[in-house]
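*Asks:* Handing you this structure, nothing more for now.
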Amino acid sequence: MIEKARKKALNDRLNRIQGQIEGLRKMIGEERSCLEILAQISSVHEALRGVGKMMLRNYLESCATRAIRSKDKRKAEETYNDLMEVIYKFTR
């Protein structure tokens, strides 16, 4: 579950990213230079990584912590496996 303040922050970031994407469409339509477009794409990538970091933190603080503290060994093991998978995917 995502707390209200974090949900708002995530939505704010996603709205800014949506604006960046629209800016990219406009830049392409205006036939701006490839380097300008690539710089904007890099900006979008970083903004998305920021959203990913917020979601990973949320997962660690709520879902994973709850599962590990539950004393249910099967649930804890699944959570550790999920953590390893998401960390691997996120760091690629």
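*Asks:* Could you estimate the translational diffusion coefficient of the chain from the Stokes-Einstein equation, with Rh from the Kirkwood formula over C-alpha pairs, at 25 °C and 0.890 mPa s, in whole µm²/s? Each step should come with its number before you reach the end.
*Replies:* Values: Rh = 15.4 Å.
The estimated diffusion coefficient comes to 159 µm²/s.
*Asks:* How many Å² of accessible area per residue for the chain, probe 1.4 Å? Write down the numbers at each step before the final one.
*Replies:* Working: 7310 Å² over 92 residues.
Ligands and nucleic acids excluded, the figure is 79 Å² per residue.
*Asks:* Leaving ligands, DNA and RNA out of it, report the carbon-plus-sulfur percent of the accessible area of the chain at a 1.4 Å probe.
*Replies:* Details: 4150 of 7310 Å².
Roughly 57 percent of what the probe reaches on the chain is carbon or sulfur.
*Asks:* Using a Gaussian network for the chain with springs between C-alpha atoms less than 10 Å apart, which of these wobbles most: Arg74, Arg57, Arg13?
*Replies:* Answer for the Gaussian network model of the chain: Arg74.
*Asks:* Quote the relative contact order of the chain in percent (integer), defining contacts as alpha-carbon pairs under 8 Å separated by 6+ residues. Don't skip to the end; give the middle numbers.
*Replies:* Working: 30 pairs, mean separation 24.4, N = 92.
Reported as a whole number, the value is 27 percent.
*Asks:* Still on this structure: Rounded to the nearest 10 degrees, what's the angle between the helix 4-29 long axis and the longest principal axis of the chain, both from Cα atoms, 0 to 90?
*Replies:* 30
*Asks:* Between Ala64, Ala76, Ala47, which gets the highest mean-square fluctuation from a Gaussian network model of the chain, Cα cutoff 10 Å?
*Replies:* Of Ala64, Ala76, Ala47, the Gaussian network model singles out Ala76 as fluctuating most.
*Asks:* Return the single residue from Gly50, Gly29, Gly19 with maximal mean-square fluctuation; model: Gaussian network over the chain, springs between Cα atoms under 10 Å.
*Replies:* So, out of Gly50, Gly29, Gly19, the one fluctuating most is Gly29.
*Asks:* Quick one: Debye curve from the alpha-carbon atoms of the range 8-56 only, equal weights, vacuum; give me log10 I(q)/I(0) at q = 0.15, 0.30, 0.32 Å⁻¹ to two decimals.
*Replies:* The calculated log intensity ratios at q = 0.15, 0.30, 0.32 Å⁻¹ are -0.41, -1.06, -1.14.
The values are calculated or read from the model by the stated rules, or taken from the named source; none is laboratory data. If you're wondering where the values come from, they're calculated on a predicted model, not measured in any experiment. Each accessible area value is taken on the protein alone, full model and side chains, heavy atoms only, with ligands, DNA and RNA left out. Shrake-Rupley method; radii C 1.70, N 1.55, O 1.52, S 1.80 Å.
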